[in-house]
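Novice: Have a look at this one.
The values are calculated or read from the model by the stated rules, or taken from the named source; none is laboratory data. A quick note: this is a predicted structure, and the numbers were derived from the prediction, not measured. Here Cβ is always computed from backbone atoms with ideal geometry, including for glycine, and neighbour counts include all displayed protein chains. Heavy atoms of the whole protein, side chains included, go into the accessibility calculation; ligands, DNA and RNA do not. Shrake-Rupley method; radii C 1.70, N 1.55, O 1.52, S 1.80 Å.
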Amino acid sequence: LQAMIDVAAEEGWLTPVLNCTMLLQMLSQGMWNTDSPILCLPHVNETVAEKLAASKNDHLPKLVTLAQSDFSQALHTIKRSGGLAHKKAAAVAKVLSSLPQVTMDVSIQDRVLRKNSPAEISKLGVTVAVARSKFKRNANAFCPRFPKVKQEGWYVIAGRKDANELLALKRLTFQKKANLSVKLDIPLSEGETSSHNIKPFEVYLISDCYLGLDKKKQNLGGQSQEK
């Protein structure tokens, strides 16, 4: 799969890259991308997931945030909404408190990286700052259905999904520190001179092993929105 991502990236194809990262997530968790992401949690089957959904407590990032900020409240919510016994609910809350809660900030430099030769394409500098809560050096990912130990990795991807255009891709890990900064060079098309007139693009922060925890900033080059 990594080779497929490399080939698609070399060709500048965004959609195949995103599909391959999604397949990595599905293989790591032993789930379909159409499944509720909370089904990766211990003791959470479809019945429990439906109960949590009925009370609007099935959003994985929201549960991770709650478990890391107020473990007792998370435990109470899982017991009450999911109908789990205390011991099982505690196991769920414990895993939630260890899952990555990530943030992503994107800044665009208005300076253009000038051509060194006529054949070179001008590029716009973009800095992506990412941070992970509950950082633990060399920690393994929670992938109970995966046949071997797996470490957590992330992709920072810039592109235009409507045009299937990949602009930049870098891989990173939080194995050594919780705050990382990635610099991307965004190629400028003919007529584009700065961030003010570049065609809008998106930046994705995508896990290689978790479903439902990705981040996205869109409409960059104009007003950005995070999902």
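Novice: Rounded to the nearest 500 deg cm²/dmol, what is the calculated helix-only ellipticity per residue at 222 nm for the chain, with -39500 (n - 2.57) per DSSP H run of length n ≥ 4?
Specialist: On the way: 6 runs with 70 residues, N = 227.
My calculation for the chain gives -9500 deg cm²/dmol from helical runs alone.
Novice: Let me ask you something else. Give me a comma-separated list of calculated 3J(HN,Hα) values for region 129-137, in order, Karplus coefficients 6.51, -1.76, 1.60 applied at θ = phi - 60°, integers in Hz, x for any Gly or Pro.
Specialist: So the J values, rounded to whole Hz, are 9, 10, 9, 10, 7, 6, 5, 9, 4.
Novice: Using the basic label-point model (7 angstrom from Cα toward the beta carbon), what is the PHE135 to SER107 distance in nanometres?
Specialist: Result for the modelled spin labels: 1.7 nm.
Novice: Could you work out how far helix 60-69 tilts from the main Cα principal axis of the chain, as a 0 to 90 degree angle to the nearest 10?
Specialist: Relative to the chain, helix 60-69 is tipped by roughly 70 degrees.
Novice: Loop only per DSSP, at most 11 neighbouring Cβ atoms within 10 Å: give me the GluC sites (Glu not before Pro) in region 177-209, ordered by residue number.
Specialist: Numbers: sites: GLU190, GLU192, GLU202; in loops: GLU190, GLU192.
Answer in residue order: GLU190.
Novice: Next question, about the same structure. Which whole-Hz couplings ³J(HN,Hα) result when phi for each residue of region 174-187 is put into the Karplus expression 6.51 cos²θ - 1.76 cosθ + 1.60, θ = phi - 60°, listed in order with x for Gly and Pro?
Specialist: Here the 3J(HN,Hα) series is 9, 6, 10, 7, 8, 10, 10, 10, 10, 9, 10, 10, 9, x Hz.
Novice: Turning to a different aspect of this structure: Over the chain, give the accessible area per residue in Å² for a 1.4 Å probe, as an integer. Before the final figure, lay out the partial values.
Specialist: On the way: 12120 Å² over 227 residues.
Counting only protein heavy atoms, the per-residue value for the chain is 53 Å².
Novice: What is the pair-distance distribution P(r) of region 35-116, computed from all Cα-Cα distances in 10 Å bins starting at 0, with each bin given as a whole percent?
Specialist: Reading the bins upward from 0: 18, 46, 13, 7, 9, 6, 1.
Novice: Using the crude model of +1 on Lys and Arg Cβ and -1 on Asp and Glu Cβ, and no other charge, please compute the dipole size for region 1-154 relative to its Cα centre, in debye to 20.
Specialist: On the way: 19 positive and 12 negative charges, 152 e Å.
Computed about the Cα centre, the dipole is about 720 debye.
Novice: I'm checking a number: the convex hull volume of the Cα atoms of region 120-227, normalised per residue, in Å³. What is it? All intermediate terms of the calculation are to be shown ahead of the outcome.
Specialist: Details: hull volume 14.1 nm³, N = 108.
Spelled out: Cα convex hull of region 120-227, divided by residues, is 130 Å³.
Novice: How high is the relative contact order of the chain, in percent, with contacts defined as C-alpha pairs under 8 Å that are six or more residues apart? It would help to have the intermediate numbers written out before the result.
Specialist: Working: 425 pairs, mean separation 47.7, N = 227.
The normalised contact order for the chain reaches 21 percent.
Novice: Right, another one. Could you order the peptides 129-137, 89-97 from most to least packed, using the average number of other C-beta atoms within 10 Å per residue? Don't jump to the answer; show the numbers that get you there.
Specialist: On the way: 129-137: 14.7, 89-97: 20.1.
For the peptides 129-137, 89-97, the packing ranking is 89-97, 129-137.
Novice: Also, I was wondering about something else. With all protein chains present, calculate the accessible area of LEU166 using a 1.4 Å probe and round the result to the nearest 10 Å².
Specialist: 20 Å²
Novice: With only Lys, Arg, Asp and Glu charged, each at its Cβ (+1 for the first two, -1 for the last two), find how big the charge dipole of region 73-220 is about the Cα centre; round to the nearest 20 debye.
Specialist: On the way: 27 positive and 12 negative charges, 231 e Å.
Dipole size: approximately 1120 debye.
Novice: If the cut-off is a Cα-Cα distance under 29 Å, which lysines reach LYS87, setting aside same-chain residues fewer than 8 apart in sequence?
Specialist: Output for LYS87: LYS51, LYS56, LYS62, LYS79, LYS134, LYS136, LYS148, LYS150.
Novice: I'd like the carbon and sulfur percentage of the solvent accessible area for region 4-112, probe radius 1.4 Å, heavy atoms only, ligands and nucleic acids excluded. Walk me through the intermediate numbers first.
Specialist: On the way: 3130 of 5630 Å².
Reported share for carbon and sulfur atoms: 56 percent.
Novice: Any chance you could list P(r) for the chain, counting all Cα-Cα pairs in 10 angstrom bins from zero, rounded to whole %?
Specialist: Going out from 0 Å in 10 Å bins, the chain shows 8, 30, 32, 19, 9, 3, 0 percent.
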